[in-house]
Amino acid sequence: MKKNKISNNLKWITLLITSSTLLCCALPILLVSLGLGATVASINFNVPGLVFLAANKVWTFSISGFLLLVLVWIIWRPNQACPNDPELAKYCEKSKKWNKRIFFLSVAIWFTSFFASYLLLPLREFLNI
């Protein structure tokens, strides 16, 4: 029971940490691109943790990427079985579906943030935009 609770909490923690990559790196780029630089300055002034995450984005992306890899192992590890009880088996299958949805949402957030933080500027320079 304790192992299941840890893996369930890890899924939500991974979603939270990958969301932090979106907040620190992709969202400010999007807002500045839309001409809302003053909004970004205001957010950075009022939420000082975002400045720390942006200043340490290599660590932010590394830790969240590592947690995503751990989550891959937790979700798709071999020898997982649902209980024999039909009602518990139904909840087990529903839980597995939600785990995969949370994982894919986390991966989408991570890749969006990675693209905005590391690939967007070199791509713009390459295309002379």
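Listed by position, the helices (runs of 4 or more DSSP H) enclosed by segment 44-129 that each have at least 1 residues that are small (Gly, Ala, Ser), at negative phi and surrounded by 11 or more Cβ atoms within 10 Å (Cβ to Cβ) are 48-55, 57-76, 86-114.
Taken residue by residue, segment 1-22 has no member that is small (Gly, Ala, Ser), loosely packed, with under 14 Cβ neighbours inside 10 Å and over 12 Å from the mean Cα position of the chain (by Cα).
Each value in this text was obtained by applying a stated rule to the coordinates, not by laboratory testing. These figures come from a predicted structure and were not determined experimentally. A quick note on method: Cβ atoms are made from the backbone with ideal geometry, for glycine too, and the neighbour counts reach across all protein chains shown.
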